[in-house]
Amino acid sequence: LAQKPYLNLISIGDDELKRILISQRPDQVFREIILNKLSLIKISPYKTEGPARATFYGRAETINKIVCSRERSFSIVGARKIGKSSLLLKLKDEPPPHTVYIFMNIDPEFSDVQDYSPFLKSLEIEIKRIFGREVDFKGDISRIPVVIRKLPEDGQRIIFMLDEIDALVEFDQRFDYKLLKTFRTMSQNNDCQFIFAGFKSLYRQKRNIQ
């Protein structure tokens, strides 16, 4: 019965029982035996590997602050495994009315690349998936604002969610932040909003007065 994955049973063998009986600290030995046999998956509601989706808890104040803002953009900065991706995916899974999230994991788009083409191609695919429209940036990031302005329908607001953005920041620095400056212009013109999530590179740029 203890081997059945759907039962939360723990068996104590003869040797383990003897250890408990002859120990001067039987309660401590008993706890050690139990803890070594417990399945953490069964007793813990938290997910420790990968983004939490069904097991997402808390962050209500942060979520409300982001959802209720119709003009501001946000950056979420923190160490790895702290829950940045989980927060973005929670927002993405429950969009407010008339809100469209364009979610992209940036890290693979800017790993070992020479130009912006992989990012633009992925963005074209994502726009096709969400809006059902074929777009072509022709490898030119200056075309992004023009394309994005034409996408919203019926008062929709578009919010870019760019996760693991450190790779973009480091790549874009080589080209005088051409893409990030484009994003800044789009935000200032209220074409869309942005939510960036990252770690060291994003943190450094937030503190860069330039």
Considering only the chain, percent of DSSP beta bridges that pair antiparallel, nearest 5: 0
Would you work out the relative contact order for the chain, in percent, from Cα pairs under 8 angstrom that are 6 or more residues apart? 22
Kindly express, to the nearest 10 degrees and within the range 0 to 90, the angle between helix 117-131's C-alpha long axis and the longest C-alpha principal axis of the chain. 80
Ranked highest first by the average count of other Cβ atoms within 10 Å around their residues, in what order do 102-112, 24-34, 68-78 fall? 102-112, 68-78, 24-34
How much length is gained on full extension from SER39 to SER117, taking 0.36 nm per residue of separation minus their Cα-Cα distance? 23.5 nm
Whole-Å semi-axes of the ellipsoid equivalent to region 100-146 (Cα gyration tensor, √5λ, descending): 18, 14, 8
Suppose each label sits 7 Å from its Cα in the direction of the beta carbon; what would the VAL29-LYS178 distance come out to in nanometres? 7.1
Degrees between helix 178-188 axis and first principal axis of the chain (Cα, 0 to 90, nearest 10): 80
Mind computing the radius of gyration and Dmax over the alpha-carbon atoms of region 70-210? Å is fine for both. 14.4, 39
Restricting to Cα pairs below 8 Å that are 6+ residues apart, what does the relative contact order work out to for region 56-158? Please round to a whole percent. 23
Taking a probe of 1.4 Å, how large is the accessible area per residue of the chain, in Å²? 65
Checking rank on 186-196, 113-123, 12-22, with mean other Cβ inside 10 Å and highest first, the result is 186-196, 113-123, 12-22
Please get the size of the charge dipole for region 59-210, origin at its Cα centre, with Cβ charges of +1 on Lys and Arg and -1 on Asp and Glu, quoted in debye to the nearest 20. 520
Ignoring ligands, DNA and RNA, what percent of the 1.4 Å accessible area of the chain is carbon and sulfur? 50
Cα centroid of region 81-108 to Cα centroid of region 138-201, whole Å: 15
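The values are calculated or read from the model by the stated rules, or taken from the named source; none is laboratory data. Every value quoted in this text rests on a predicted model; they were computed, and no experiment measured them. Please note: Cβ atoms are built from the backbone with ideal geometry, for glycine as well, and neighbour counts cover all protein chains shown. Heavy atoms of the whole protein, side chains included, go into the accessibility calculation; ligands, DNA and RNA do not. Shrake-Rupley method; radii C 1.70, N 1.55, O 1.52, S 1.80 Å.
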